[in-house]
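Peer 1: Take this structure first; my questions come after.
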Amino acid sequence: MVYLIISILAGVSIVIARIINSNLADKIGLLEGTLINFVTGLMLSIIFLLFSSEAVFLSSLTLGNVPIWAYLGGVAGVIVIFLSSYLTPKVSAFYLTLFIFIGQLFTGIVIDYFTLGELSQGKILGGLLVLFGLVFNLKIDRKEEMGSA
């Protein structure tokens with residue numbers, strides 16, 4: 001039951017963060033809002049690291065040993081926050097959440113394929129079902145808009 005509550009709170013926090021980021025982007029600009037988002041996240045991460053009991057040994061890890069693809073997480077985060085801040089006022093929360101879910105699912109499938117060498121047919125089928133449901137729902141909404149206009 002605790003995990004269910006935590007997962008619901010995580011989902012709510014994502015929607016709230018999206019709205020806050022969108023409002024920030026409206027007030028100070030899209031690029032500036034994205035920058036503030038990442039600077040704030042960096043500062044909070046450093047604070048959590050300082051107060052955690054985890055030991056960090058940077059001497060055993062050099063920048064040369066880190067694969068270049070490991071740095072792409074930050075780039076992907078910037079792109080997601082940027083697009084999310086841009087799209088939030090233009091797309092309903094329901095559709096935006098589904099777009100993000102579908103993107104995460106298919107990205108996970110691609111990562112699994114390249115890192116583990118496996119392709120999950122169940123995940124692909126589930127993702128396609130959600131995608132087809134989204135497209136179907138978008139078509140129904142579009143017909144309703146055209147009928148009422």
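Peer 1: Return one whole number: the accessible area per residue of the range 1-110 in Å², for a 1.4 Å probe. Working shown, then result.
Peer 2: On the way: 8330 Å² over 110 residues.
Dividing the accessible area of the range 1-110 by its residue count gives 76 Å².
Peer 1: Follow-up question, since we're still on this one. List the lysines whose alpha-carbon lies under 24 Å from that of Lys27, not counting same-chain residues fewer than 8 positions away?
Peer 2: Output for Lys27: Lys90.
Peer 1: Ordering Ile20, Ile140 from largest to smallest accessible area (1.4 angstrom probe), what's the sequence? Spell out each step's value before the answer.
Peer 2: Values: Ile20 100, Ile140 60 Å².
Descending order: Ile20, Ile140.
Peer 1: Moving on. Among the aspartates and glutamates, select those whose C-alpha is under 16 Å from the C-alpha of Lys123, and discard any that sit fewer than 8 residues away in the same chain.
Peer 2: Asp112
Peer 1: Quick one: what Rg and Dmax do you get for the range 90-148 from the alpha carbons, in Å?
Peer 2: 14.5, 50
Peer 1: List the longest stretch of the chain that has no exposed loop site; here a site is one of the GluC sites (Glu not before Pro) assigned by DSSP to anything other than H, G, I, E or B, with at most 10 other Cβ within 10 Å. Let's see the in-between values first.
Peer 2: Working: sites that count: Glu54, Glu118.
With GluC sites (Glu not before Pro) excluded where exposed in loops, the chain gives 55-117 as its longest stretch.
Peer 1: Between Ser53 and Phe99, with labels modelled 7 Å along Cα→Cβ, what's the label distance in nm to one decimal, could you check?
Peer 2: 4.3
Peer 1: Compute the long axis of helix 2-28 from its Cα atoms, compare it with the longest principal axis of the Cα atoms of the chain, and write down the angle in degrees, 0 to 90, nearest 10.
Peer 2: Roughly 80 degrees, rounded to the nearest 10.
Peer 1: Could you rank Asp112, Asp26 by how accessible they are, 1.4 Å probe, largest area first? Intermediate values should be presented prior to the final figure.
Peer 2: Working: Asp112 40, Asp26 110 Å².
Heavy-atom accessible area, descending, gives Asp26, Asp112.
Peer 1: From the backbone phi of the range 31-48, what are the Karplus-calculated ³J(HN,Hα) couplings (6.51 cos²θ - 1.76 cosθ + 1.60, θ = phi - 60°) in whole Hz, Gly and Pro given as x?
Peer 2: Values, residue by residue: 5, 5, x, 5, 4, 4, 4, 6, 5, 4, x, 5, 4, 5, 5, 5, 4, 4 Hz.
Peer 1: If one puts a single equal scatterer on every Cα of the chain and applies the Debye formula without solvent, what log₁₀ I(q)/I(0) results at q = 0.11 Å⁻¹?
Peer 2: Summing over Cα pairs of the chain leads to -0.65.
Peer 1: Taking square-rooted eigenvalues a ≥ b ≥ c of the alpha carbon gyration tensor, is the range 70-113 rounded, prolate or oblate, where a/c under 1.5 means rounded and, failing that, a/b exceeding b/c means prolate?
Peer 2: Working: a/c = 4.81, a/b = 1.41, b/c = 3.40.
It comes out oblate by the Cα gyration axes.
Peer 1: Which order, highest average first, do 40-48, 76-84 follow once you tally other Cβ atoms within 10 Å for each residue and take the mean per peptide? Spell out each step's value before the answer.
Peer 2: Details: 40-48: 10.4, 76-84: 15.8.
With the highest mean Cβ count within 10 Å placed first, the list reads 76-84, 40-48.
Peer 1: Leaving out ligands, DNA and RNA, what percent of the accessible area of the range 102-149 is carbon and sulfur, probe 1.4 Å? Intermediate values should be presented prior to the final figure.
Peer 2: On the way: 2510 of 3820 Å².
Using a 1.4 Å probe with all protein chains present, the range 102-149 comes out at 66 percent carbon and sulfur.
The values are calculated or read from the model by the stated rules, or taken from the named source; none is laboratory data. Note that this is a predicted model, so its numbers are computed, not measured. Neighbour counts are summed over all protein chains in view; Cβ atoms, including those assigned to glycine, are modelled from backbone coordinates with ideal geometry. The protein model used for the area step is the full one, side chains on, heavy atoms only, and it has no ligands, DNA or RNA in it. Shrake-Rupley method; radii C 1.70, N 1.55, O 1.52, S 1.80 Å.
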